1. Which one of these is among the acidic types (Asp, Glu) and buried (at least 17 other Cβ atoms within 10 Å of the Cβ): D:160, D:172?
2. In this structure, is residue D:45 touching a helix residue (DSSP H, G or I) at 6+ places or on another chain (Cβ under 9 Å), within 27 Å of residue C:133 (Cα to Cα) and assigned by TED's automatic domain parsing to the domain that holds residue D:110?
3. Given C:97, C:78, C:118, which one is in contact with a Cys (Cβ under 9 Å, 6 or more places away or on another chain) and either in a helix (DSSP H, G or I) or more than 16 Å from DNA strand E (Cβ to nearest atom) (or both)?
4. Has the range A:63-72 got any residue that is near DNA strand E (Cβ under 8 Å from one of its atoms), small (Gly, Ala, Ser) and in contact (Cβ under 8 Å) with a residue 12 or more places away in the chain?
5. Please work out which one of (1) in contact (Cβ under 8 Å) with a residue 60 or more places away in the chain; (2) facing chain C (nearest Cβ under 7 Å) is the condition residue D:201 fails and give its number.
6. So, of the residues in the range A:47-56 that are part of a helix (DSSP H, G or I) and within 19 Å of the chain's Cα centre (by Cα), which turns out to be surrounded by the fewest Cβ atoms within 10 Å (Cβ to Cβ)?
7. If we scan the range C:24-46, do we find a residue that is more than 21 Å from the chain's Cα centre (by Cα) and within 14 Å of chain D (Cβ to nearest Cβ)?
8. Hey, among A:125, A:139, A:198, A:129, which residue is touching a His at 6+ places or on another chain (Cβ under 9 Å), modelled with pLDDT under 95 and part of a helix (DSSP H, G or I)?
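The values are calculated or read from the model by the stated rules, or taken from the named source; none is laboratory data. Values in this document were obtained by computation on a predicted structure and should not be read as measured data. Backbone-built Cβ (ideal geometry, glycine too); neighbour counts: all protein chains shown. Remember, those area values only see protein heavy atoms, side chains included, never the ligands or the DNA or RNA. Shrake-Rupley method; radii C 1.70, N 1.55, O 1.52, S 1.80 Å.
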Protein chains: 4
Amino acid sequence: MPRDHEKESAVPTTDGSDTGGTARHMRADARRNQEKLLAAAAEVFVGSGVDAPIRQIAARAGVGMGTIYRHFPTRSDLVVAVFRHQIEECAEAGPRLLSEAGSPFTALQRWIDLFVDLLVTKHGLAQALQSDNSRFAPLHAYFLDRLQPVATRLLDAAAEAGEIRPGIHPYELLRGIGNLCIGHDDDPRYDPRRLITLLLQGLRRP
Amino acid sequence: MPRDHEKESAVPTTDGSDTGGTARHMRADARRNQEKLLAAAAEVFVGSGVDAPIRQIAARAGVGMGTIYRHFPTRSDLVVAVFRHQIEECAEAGPRLLSEAGSPFTALQRWIDLFVDLLVTKHGLAQALQSDNSRFAPLHAYFLDRLQPVATRLLDAAAEAGEIRPGIHPYELLRGIGNLCIGHDDDPRYDPRRLITLLLQGLRRP
Amino acid sequence: MPRDHEKESAVPTTDGSDTGGTARHMRADARRNQEKLLAAAAEVFVGSGVDAPIRQIAARAGVGMGTIYRHFPTRSDLVVAVFRHQIEECAEAGPRLLSEAGSPFTALQRWIDLFVDLLVTKHGLAQALQSDNSRFAPLHAYFLDRLQPVATRLLDAAAEAGEIRPGIHPYELLRGIGNLCIGHDDDPRYDPRRLITLLLQGLRRP
Amino acid sequence: MPRDHEKESAVPTTDGSDTGGTARHMRADARRNQEKLLAAAAEVFVGSGVDAPIRQIAARAGVGMGTIYRHFPTRSDLVVAVFRHQIEECAEAGPRLLSEAGSPFTALQRWIDLFVDLLVTKHGLAQALQSDNSRFAPLHAYFLDRLQPVATRLLDAAAEAGEIRPGIHPYELLRGIGNLCIGHDDDPRYDPRRLITLLLQGLRRP
DNA sequence: CATGAATGAGGGTTCATTCAT
DNA sequence: AATGAATGAACCCTCATTCAT
């Protein structure tokens with residue numbers, strides 16, 4: 001009887017109301033597995049990229065492949081889940097820095113530092129964001145939904161304070177910094193932070 | 001990324017003495033084939049990326065797959081050959097701009113414009129450079145061998161003229177700009193040139 | 001590099017002009033393989049049905065799986081190719097019997113005998129025809145395109161000769177007989193020919 | 001058809017003494033579950049065939065998969081249970097028709113009508129009976145055990161009354177009619193009843 | 001007892017690479 | 001020298017069946 005495929009992807013644990021990709025009421029073993037899985041996927045993504053074979057992730061987690069498909073019907077669901085925590089933390093840091101730091105520009109600098117940490121620590125994240133493969137669209141969307149508003153607010157504050165020239169679009173900045181972080185670990189001669197510092201310099205009101 | 005059957009390639013047509021990947025004494029038909037191949041590969045790389053199936057390139061060129069393997073034993077050899085012309089032109093423009101332009105910094109700006117053209121026109125080039133896949137190492141090497149000295153000279157001249165602050169490493173600049181060019185065509189909201197302008201602003205001596 | 005599937009199915013050797021699924025101008029080894037493949041598929045279809053794993057057919061033929069996909073992009077292409085000869089022979093017998101036999105009804109009886117041979121010898125054919133799986137639609141189509149006109153002519157002749165009552169639809173008859181042939185070999189107690197004889201009896205003008 | 005993990009099943013609920021697959025002394029909830037299950041399975045069988053995934057049936061019934069396995073250790077057990085009622089009714093109609101109808105042949109005709117209803121209404125039944133998959137052997141067995149004697153009695157009566165020619169085997173008739181019912185709903189051009197009428201015509205004494 | 005999570009064999013498909021023609 | 005047929009490893013994904021909870 002027809003094996004006619006179909007795929008809908010529900011990202012079931014991504015409804016925005018929970019705090020990190022693990023459902024509240026879940027059998028203990030299932031939750032344990034999900035955690036093992038996320039940890040394993042994170043490691044594998046760093047080592048072999050976000051396109052690593054499902055088998056490899058399953059093996060690393062010590063579970064069957066089916067378990068991955070159960071928890072994360074599409075690869076994107078897994079990728080999003082893996083990076084959700086990190087993205088969340090970064091997003092939350094924005095407003096806090098704005099209220100704590102001496103000036104909006106300082107807050108912006110510090111937040112971008114965190115943003116770079118996010119991309120640099122998790123090699124796979126930058127790769128996935130950069131990939132034009134449509135299967136990472138949901139990650140893209142989640143990433144921007146969460147972080148672009150934060151960047152917008154920081155840039156607006158700095159612009160209002162007259163510290164930077166207006167006109168830079170938050171999306172462009174995030175994406176540019178994201179791009180600069182690609183391949184940071186391939187080569188000791190390349191340190192994205194130095195370039196990002198220059199970029200921010202270029203942004204300051206003369 | 002797993003499908004990495006690794007093969008030590010010699011990039012045989014890249015010995016620096018010839019002018020573009022086509023040996024001087026070659027049967028007419030073989031040369032014709034090479035040219036068809038390079039043209040086809042260039043088109044395919046733009047459309048489907050540098051990881052496009054060999055078959056697709058062969059089909060577009062109207063030759064057999066074996067012919068590709070004969071002329072370009074590894075994928076990297078083909079990629080290098082495809083981009084060699086463009087890289088060469090860009091490299092040669094450096095000294096010329098330095099002697100023509102009003103100031104070293106202006107020369108630098110103009111040269112970077114050309115460099116960006118190179119990466120932006122040829123979607124596949126940026127992709128290949130960015131890829132951490134070891135099979136593109138030869139392209140990487142060729143690219144840097146040829147362009148880094150040019151960038152060095154331009155930066156040194158501008159630094160000596162006191163137009164920019166010293167300390168930026170040419171490699172880092174090239175790579176950064178290369179990264180910024182990634183994905184330029186996915187999204188109309190993202191224009192790498194605006195960011196590169198900011199970067200150069202940040203480089204100027206205050 | 002997007003793995004986005006697509007499938008078009010060209011049934012390349014089935015253009016109606018050749019006489020049995022093997023192209024005229026074909027490398028010797030390729031033709032040999034195609035023949036091995038058809039033979040192997042025929043055997044496997046009998047033993048394991050037309051849904052047998054591609055791997056199994058490849059193994060039996062002593063070729064790689066890719067070879068099957070090259071020659072027969074879809075399963076249906078293979079199935080059609082396997083049964084094409086037989087269907088063709090059966091179709092051609094119709095007019096001949098009509099001119100040779102003593103009466104149209106006798107011709108009809110004999111032709112149906114051949115038709116039953118076709119379905120009974122090739123266990124897989126009946127199975128495939130019966131399957132509601134859409135992937136066998138091309139087989140269905142080919143089968144009917146070729147045989148329904150033959151049946152129509154025989155029935156019309158017998159009706160005109162007043163030997164059978166009119167009104168039976170050729171499609172219905174073929175399909176019914178096809179159905180009766182299902183499972184003929186599971187059980188010695190069941191002989192479709194006896195029932196088919198009854199059916200033809202029932203068709204005779206009283 | 002390969003996925004045949006074969007399992008010797010006992011069709012535990014089919015001991016002939018109970019009235020429909022539900023044990024007499026059973027906890028109320030268990031019985032409720034069984035009924036939900038049978039209803040769900042019947043619906044799914046019609047829609048997706050008797051090879052539908054267990055999950056799908058479980059979901060439709062609103063129970064876990066384990067519950068299905070508990071009540072019906074093998075798929076065949078479930079299939080038998082689903083069709084048991086219908087088969088039973090059909091079997092019981094035989095003697096009644098024989099005593100009510102004007103002649104044995106009329107009784108036979110009417111009974112076969114009911115028999116066709118059975119197969120045509122329940123798409124899955126014909127499919128399962130036809131399948132050569134050994135896992136449906138128990139269904140086969142049950143089906144014949146119950147209905148063949150009925151058919152025998154009707155045929156014998158008609159033969160004794162001189163209405164039909166002798167010699168047709170009841171098994172063959174049932175099976176033939178079963179086969180004719182296959183695919184009745186795929187195609188409006190095909191109506192098994194017309195053919196079955198012909199078959200019975202052919203059976204009449206001249 | 002019921003649930004449904006986990007397992008993993010099994011089948012489909014692609015495509016780099018080799019090598020007969 | 002060119003061709004493109006053949007190979008088969010490597011991926012993907014589904015779902016029957018078991019068994020922890």
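1. On inspection, the qualifying residue turns out to be D:172.
2. No; evaluated as a whole, the condition is false for this residue.
3. C:118
4. No, the range A:63-72 has no match at all.
5. Single failed check for residue D:201: (1).
6. A:47
7. no
8. That would be A:129, the only listed residue that is touching a His at 6+ places or on another chain (Cβ under 9 Å), modelled with pLDDT under 95 and part of a helix (DSSP H, G or I).
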